[in-house]
1. Any idea which of A:Gln290, A:Gln304 is touching a Pro at 6+ places or on another chain (Cβ under 6 Å), within 11 Å of chain B (Cβ to nearest Cβ) and under 20 Å from B:Glu17 (Cα atoms)?
2. With A:Leu292, A:Leu278, A:Leu263 as the choices, which residue is assigned to a helix (DSSP H, G or I) and within 21 Å of A:Thr209 (Cβ to Cβ)?
3. Looking at the range A:254-284, which of its residues are touching a residue at least 12 places away in the same chain (Cβ under 8 Å), exposed (fewer than 15 other Cβ atoms within 10 Å of the Cβ) and not acidic (Asp, Glu)?
4. Any chance the range A:311-326 includes a residue that's in contact (Cβ under 8 Å) with a residue 12 or more places away in the chain, hydroxyl-bearing (Ser, Thr, Tyr), more than 9 Å from chain B (Cβ to nearest Cβ) and over 28 Å from A:Ser211 (Cα atoms)?
5. If you scan the range B:11-34, which residues turn out to be farther than 18 Å from A:Val320 by Cα and either of a type in the set (A, V, I, L, M, F, W, C) or assigned to a helix (DSSP H, G or I) (or both)?
6. Could you tell me which numbered condition A:Tyr285 fails, if it satisfies all but one of (1) more than 9 Å from chain B (Cβ to nearest Cβ); (2) closer than 22 Å to A:Lys213 by Cβ; (3) touching a helix residue (DSSP H, G or I) at 6+ places or on another chain (Cβ under 9 Å)?
7. Output the number of the condition that A:Tyr252 fails; it satisfies all remaining conditions of (1) more than 30 Å from B:Lys5 (Cβ to Cβ); (2) of a type in the set (Phe, Trp, Tyr); (3) part of a helix (DSSP H, G or I).
8. Look at the range A:104-153 and say how many of its residues are at pLDDT 80 or above and among the polar types (S, T, N, Q).
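The values are calculated or read from the model by the stated rules, or taken from the named source; none is laboratory data. Remember, it's a predicted structure, so these values are computed and weren't measured experimentally. For neighbour counting, all protein chains shown are included, and Cβ atoms are generated from backbone atoms with ideal geometry for every residue, glycine included.
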Amino acid sequence: MSIILKAFPLGFLINHDYEQNTKKSYDLKFERENLNLIKVATNMKLEDVNFIMENLKIPYKYKNDKYILNNGLCVQWTSYQGHYCAFITPVENKFFRKLPPNFDFTKQTELLFKNFDVILKRNTRNVNSKEIFYYCYKTKFKTRYDILEELKKQKIENITRNTENEVRFRYNNKNYKFKRDERKEPFYIESEQKISLVDIISGRKNVTTRSLKTNFTNKEVLIKTLEEHDAKNIHVDELNIYCELNNMQLWYSKNNEESAYNLEADKIVNEDECTQLLEDLESEYGLNIQDLTYKKILERIKNQNMRLESEHVDEDNSIVLTIDLG
Amino acid sequence: MGKLKIKLLPDGTIEMETQGIKGKKCLDYAKVLEQLADAKNEKIVKTDEYNQYVYLELDDSQNLSDN
C-alpha cells in the first residue's frame, strides 16, 4: 500500500490568479512547478540515519547532513526533539543531471521512504507526531497584505498567527503557514498533510486479506472493544483506527464522522479464526453500546422531569426500562 | 401522564414503545429518545389502535440496521 501524498493546498493559496486563469483547483503540472520541499518527521535517530545513508549508495555527500541521491532527490537531515526530520527537495541541477520533465517529486519521495523502511525493516515515519508530512510550495505572494486579502476573499477567517513574515491559518481542518525568510522574497506556503496511519505501516506480507463493512460508528466504543480483546499497537487518527490482534492487522476507516467504519483485515492465517474474532468483536461492541446507552439514559432522564419506574433484564440479555413521564 | 418502555438490545439497538400516550403526540417521544440515547430513529411502526398508540422502534446511533 502506498503512502498518500496527494493533498495539495488549493491553487489560490499558491497563486491568486491560478483558479481565475485555469478554472481548476489543481493539476499535476501546477504541483511540479510549485512544490519545492517536503518535510517528513521520522522516528530515526542518528545511528539509523547513518545506517540508511550508507546503504543507499549515495553518489554525492554535499555536507555532513545533506545528501544528493541518485533518484533526483536531495535529503537534508535535521535533529528535532531527539529524532531526525528529513527535508527533501528535487536535486539542484548544478550538482546533478537535469531532471526529466516527467519527474514526480512526491512519487520519488514515497519510494525513498519505502526504501528506508526496507533497510531498517520497520516503519520510519514518526506516527506519533501529527506533523508527519509538510509540503512546501512556492507562491506568488510578495506581501502579507496580498495574502490577507486573498484569505478574506476566500472567506478564510481562522487566522492563528499574523506577523510580518508569517501568516498561519486553518482551512478545511488543515493547518497552513505562509512564511518567508527575507522581506524581499516571495512567501512560500507549508501545507500540513494528514495521512492514513495504515498507509505508512510498511513491510506487510499478506497471507489473506478481507474487506468488509461494519456496523461500528462510535470511535471510543470501538477502541474500548479492541482493548478488551487485547489489541496491540493501536493507532488512532481522525477517521482511522489501526491495531494488531491475534497476529492480524486490522484497519478500520471511515469517510466522515457520521459514517460506519469499513474494516480491512490483513495477515489472516486462519479464516475460521478470523470469522470468529470478527463476530466476537461485533457482539462485544453491541454490548458496550448497550452499556453506554443504559448509562446515558439513566443520567439524562434526571434532567427531563422523568422517573425510572422499573428495570429488568430479559432472557435475551435485553435491558428493559420503564420510564414514567411524570 | 404516560410511560416509555425502552428496550436496550445486546446488539446495541434500541426499541421503544409508548404507553398511555394517544395520537401523534407519541411521535414526539421518538425525538426525546434520540436525545436521551444519542440515537437515530430508523423505523417507526404504528400500532393497530389507529393512530392512538404508536410503537417506535429505534436504532442507536450505530445504524446497525444499515447492514
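1. Answer to the selection: A:Gln290.
2. When all the criteria are applied, what remains is A:Leu278.
3. A:Asn255, A:Asn256, A:Ser259, A:Val269 - these are the residues of the range A:254-284 that are touching a residue at least 12 places away in the same chain (Cβ under 8 Å), exposed (fewer than 15 other Cβ atoms within 10 Å of the Cβ) and not acidic (Asp, Glu).
4. No, because not a single residue in the range A:311-326 is in contact (Cβ under 8 Å) with a residue 12 or more places away in the chain, hydroxyl-bearing (Ser, Thr, Tyr), more than 9 Å from chain B (Cβ to nearest Cβ) and over 28 Å from A:Ser211 (Cα atoms).
5. First, the residues of the range B:11-34 that are farther than 18 Å from A:Val320 by Cα: B:21-28, B:31.
B:Ile21, B:Lys25, B:Cys26, B:Leu27, B:Asp28, B:Lys31 - these are the residues of the range B:11-34 that are farther than 18 Å from A:Val320 by Cα and either of a type in the set (A, V, I, L, M, F, W, C) or assigned to a helix (DSSP H, G or I) (or both).
6. Looking at each condition in turn, A:Tyr285 falls short on (1).
7. (3)
8. Looking only at that region, the number is 6.
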